[in-house]
Amino acid sequence: MNNMVLKGLIFDIKKFAVHDGPGIRTTVFFKGCPMDCWWCHNPESHSTEPQTITQEIFSGSSSKACFERKELIGREISLDTLVEEIMKDKVFYDISQGGVSFSGGEPLMQSEFLLLLLKKMKELGLHTVVDTSGCGNSAIVREVSDYVDLFLYDLKIVDEEKHEKYTGKSNSIIKQNLKMITDNGHKVIIRIPIIPTINDNPNDIKQFGEFLSDLNIVRVELLPFHKIGEEKYRKLNKINRMKDIQKPTKKDMISIKERLEKFGLVVKIEE
Ligand code: SF4
């Protein structure tokens, strides 16, 4: 396919990102995700189509909206335009050993676009990160992995049945893909969202420890559940299944970290 006409669907580009891999980065958020995690803080990423949301704006104590604001989520972008946008900050990547990160949604869902983009980034000498749930075709994951310097690989729950209940998908392919890329020597940081009452009981943590200690990974990062996505659920008119769940305490996070370290894993708590 001609690169000039190939387009991807994205919903955000974050400049000066410092939490999506080493150094200063540009993070591109792909729209579309095959999963439906109960705690997802990017519900606007799920649909594979652009969406328009309407927000009613109220004035003072009036219960009647004084105007409506429309917001378009998701836009098509050509490969060349996106490459140009990413390269604007090359000087910052160079001074900080940073680069570009592809996140989502699930970037593997737009595999053709992702692959061409990664190849282009490597031609231009950029460090590449793919932040993925690993929920994708294994042949695609294998092909893409040749152009990825670091995977941020999200693992939500080890038990297959429980995973399906809370994410809408089995984790069998996710675990297989993870094993494949680590066996092939790719650099992988595992990210586990810690979701109170869903994946934080001692048995869940033991299953994470047992599964991950057999793999060659850089480290595990624990991401405490937070409620910053709540407003997005309201705007999208989507049911927020986590509204009664509170953030884990610092003490809870430290206890989970210590339990995982007993399996010989290097563990870090992210903010
Ligand atoms: S995989 Fe990530 S983007 Fe997709 S639903 Fe789950 S948390 Fe959201």
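To the nearest 20 debye, what is the magnitude of the charge dipole of the range 137-224 about its Cα centre, counting +1 on the Cβ of each Lys and Arg and -1 on the Cβ of each Asp and Glu?
Values: 11 positive and 14 negative charges, 15 e Å.
Rounded to the nearest 20 debye, it is 80 debye.
Report the extension gain between GLN207 and VAL91 in nm, rounded to one decimal, defined as 0.36 nm multiplied by the number of residues separating them, less their alpha carbon distance.
Here the segment from GLN207 to VAL91 would lengthen by 37.5 nm.
Students often get this wrong, so check it: of LYS206/LYS251; LYS88/LYS120; LYS90/LYS119; LYS232/LYS268, which have C-alpha atoms separated by over 22 Å?
Listed pairs above 22 Å: LYS232/LYS268.
For q values of 0.18, 0.20, 0.25, 0.26 Å⁻¹, compute log₁₀ I(q)/I(0) with the Debye formula on a Cα-only model of the range 123-176, without solvent.
Log10 I(q)/I(0), no solvent term: -0.63, -0.74, -0.98, -1.02.
So, in nm, how far is label ASP159 from label CYS66 when the simple model puts each one 7 Å beyond its Cα toward the Cβ?
5.2 nm
Given the -39500 (n - 2.57) contribution per DSSP H run of 4+ residues, what per-residue ellipticity at 222 nm results for the chain, rounded to the nearest 500 deg cm²/dmol?
So the calculated ellipticity at 222 nm is -9500 deg cm²/dmol.
Accessible area of the range 1-52 with a 1.4 Å probe: how many percent of it is carbon plus sulfur?
Percent of accessible area from carbon and sulfur atoms in the range 1-52: 56.
Send over a whole-number figure in Å² for the accessible area per residue of the chain, probe 1.4 Å.
Here the per-residue accessible area is 50 Å².
How much length would be gained if the chain were fully extended between ASP36 and ASP146, taking 0.36 nm per residue of separation minus their Cα-Cα distance, in nm to one decimal?
Net length gain for the segment: 36.8 nm.
Could you calculate the contour length gain from LYS14 to GLU271, that is, 0.36 nm times the residue separation minus the distance between their Cα atoms, to one decimal place in nm?
Values: separation 257, 0.36 × 257 = 92.52 nm, distance 1.78 nm.
The LYS14-GLU271 span can extend by a further 90.7 nm.
Hey, any idea what % of the range 87-184's accessible area is carbon plus sulfur with a 1.4 Å probe?
Roughly 47 percent of what the probe reaches on the range 87-184 is carbon or sulfur.
Express the relative contact order of the range 124-271 as a whole percentage, based on alpha carbon pairs under 8 Å and six or more residues apart in sequence. Kindly include the intermediate steps, with their values, before the conclusion.
Numbers: 210 pairs, mean separation 32.6, N = 148.
Averaging sequence separation for qualifying contacts and normalising by length gives 22 percent for the range 124-271.
How big is the shadow of the Cα convex hull of the chain, averaged over all directions, in nm²?
Average of the hull's projected areas for the chain equals 16.0 nm².
To the nearest 10 square angstrom, what accessible area does SER172 show with a 1.4 Å probe?
40 Å²
Give me the percent of the accessible area of the range 189-238 that comes from carbon and sulfur atoms, probe 1.4 Å, all protein chains in place.
Carbon-and-sulfur percentage of accessible area, whole number: 49.
The values are calculated or read from the model by the stated rules, or taken from the named source; none is laboratory data. All values reported here derive from a predicted model rather than from experimental measurement. Note that each Cβ is placed from the backbone with ideal geometry, even for glycine, and that neighbours are counted across all protein chains shown. To get the accessible areas, we keep the full protein, side chains included, count just its heavy atoms, and leave off ligands, DNA and RNA. Shrake-Rupley method; radii C 1.70, N 1.55, O 1.52, S 1.80 Å.
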